[in-house]
Amino acid sequence: MRKNLLLGILVSLGILGSLVSCQKGGDSGVTTAKEAALQKVAAPYVNHTVVATYSAMADAGMTLLEKTQGILAAVEAGDDYAALMIEADADWRLMRKYWEQSEAFLYGPASAHNIDPHIDSWPLDFNQMNALLNDPVRMAQIEEDGGRYVGDVLGYALKGFHACEFLLFESVEQGGRPVGTGHPHATNLTHAEAVYLNAIVEDLTQQAILLEYAWAGEVSADKMALLDASEIEPYEDNYGDQMMNAGKAGSIYKSYQEVAEEIVAGAIDIAGEVADLKLGNPYISSTAEQRDYIESPYSCTSTIDFADNIRSIQHAYCGAKAGDACVSDYVKQQDAELDTEVRTAIEEAIAAIEAIQDFENTAQNNPAVKNAIDKVSAMAEVLNKDVLPLLSE
């Protein structure tokens, strides 16, 4: 009698349902306080960090494509296009910023569909590029098929951000190879170069849209139209849904703990790449090799790229939008000192990178570069040796 009375009271207050859900997982699949805390991280991370970044990158690509279409039209008409080149440079920098701020989440679609090497391989192959620009048959095909030809036919060393960068930014000849100045390219593009630039940007923008679609499951009508025009089918990864529905049927994630671990592992991966390759290779390379190791040698934005890579870690760990639930919240609950250490390490890594002057020309044996390597490595170490184990407990 007393037991039935208690059940009736619990039901009337709406408490019993919540207790059962907590015990059995309910629709969310959440069974522990830890899972409940980490579940809160998933949706803000997907929507405000990943999807928002890729969406902004694709938006910048659409704007850049309008500029390169205008440049091509001006070249063909013999009109001045100096202002368009300056605007295109700014659009490229903006698109590049969002890409670099996405590199803490290169897992998933960016890796599964080879979008990362497709749009961000370097160094540029000058010999192949010059041969291409002087091949009337292939240039006619590029002019006809645009980004679709670039995406389907050309190798990674002939397309993406860095091929676009070379055509947008001025360079001077040094030692038999072009060296960037960081300034907009003079307005003397050949027709072939203008055609090639526009096709590269079309392909680059299509890849950005594919990333946005693979995480969000949808894109705006104008973005979809750009894919449709080249008969490109979007990737149906539904990666964002898989993260937000960890533990449910159809998700590759068995738990929200796995989601949090993936987020931190992605941050560790890009930290290692920045320290060991992007900063490390130019620091230890010979003079002859160094140019091949500089990431953005024509725009001279390499250290901006690296700092944005660390900001991608900051957004992944702390959340890209103020007030969002994030991995940092859970770490702070468990170990406030560790959370402070991670946040401080991230800030110190960014500051050390931004302190480097003229990286493209002074990286070799530069103490400021070595300091940045050490700061980034220290940040990666605390994430790997302390944060990952804490999440796995």
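The values are calculated or read from the model by the stated rules, or taken from the named source; none is laboratory data. Predicted model, so just to flag it, every value in this text is computed and none were measured. So basically every Cβ, Gly included, is an ideal-geometry build from the backbone, and we count neighbours across all protein chains shown.
Couple of notes before you dig in:
Matching residues to (1) part of a helix (DSSP H, G or I); (2) of a type in the set (Lys, Arg); (3) surrounded by fewer than 18 Cβ atoms within 10 Å (Cβ to Cβ); (4) modelled with pLDDT under 95:
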residue: ASP27; (1), (2), (3), (4): yes, no, yes, yes
residue: LEU38; (1), (2), (3), (4): yes, no, no, no
residue: VAL41; (1), (2), (3), (4): yes, no, no, no
residue: THR53; (1), (2), (3), (4): yes, no, no, no
residue: ALA56; (1), (2), (3), (4): yes, no, no, no
residue: ASP79; (1), (2), (3), (4): no, no, yes, no
residue: ALA90; (1), (2), (3), (4): yes, no, yes, no
residue: TYR98; (1), (2), (3), (4): yes, no, no, no
residue: ALA140; (1), (2), (3), (4): yes, no, yes, no
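- Sole residue being within 18 Å of GLN141 (Cα to Cα), at pLDDT 95 or above and of a type in the set (Val, Ile, Thr), chosen from VAL201, VAL219: VAL201
- In the range 230-245, the residues that are hydroxyl-bearing (Ser, Thr, Tyr) reach residues that are surrounded by fewer than 17 Cβ atoms within 10 Å (Cβ to Cβ) and not in a helix (DSSP H, G or I) with C-beta atoms within less than 7 angstrom, at least six apart or across chains, in these pairs: TYR235/HIS113.
- Enumeration of residues in the range 357-380 that are touching a residue at least 24 places away in the same chain (Cβ under 8 Å), of a type in the set (Gly, Ala, Ser) and closer than 20 Å to PRO297 by Cα: ALA363, ALA372
- In the set (1) crowded, with 17+ Cβ neighbours inside 10 Å; (2) assigned to a loop (DSSP other than H, G, I, E, B), the condition left unmet by GLN357 is number (1).
- Close pairs from the range 78-97: first farther than 24 Å from SER55 by Cα, partner β-branched (Val, Ile, Thr) and part of a loop (DSSP other than H, G, I, E, B), Cβ under 7 Å, at least 6 apart: ASP80/THR187; TYR81/THR187; ALA82/THR187
- Of residues in the range 198-222 being touching a residue at least 40 places away in the same chain (Cβ under 8 Å) and farther than 16 Å from ARG148 by Cβ, the one surrounded by the fewest Cβ atoms within 10 Å (Cβ to Cβ): ASP222
- Restricting the range 278-304 to residues that are among the hydrophobic types (A, V, I, L, M, F, W, C) and modelled with pLDDT of 95 or more, the residue that is nearest to HIS48 (Cα to Cα) is ILE304.
- Test: residue in the range 153-166 that is of a type in the set (Phe, Trp, Tyr), crowded, with 16+ Cβ neighbours inside 10 Å and either in contact with a strand residue (DSSP E or B) (Cβ under 9 Å, 6 or more places away or on another chain) or in a loop (DSSP other than H, G, I, E, B) (or both): yes
- As a summary of the residue check, CYS318 satisfies the conditions (1) without any contact (Cβ under 8 Å) to a residue 40 or more places away in the chain; (2) closer than 30 Å to ILE284 by Cα except for the one numbered (2).
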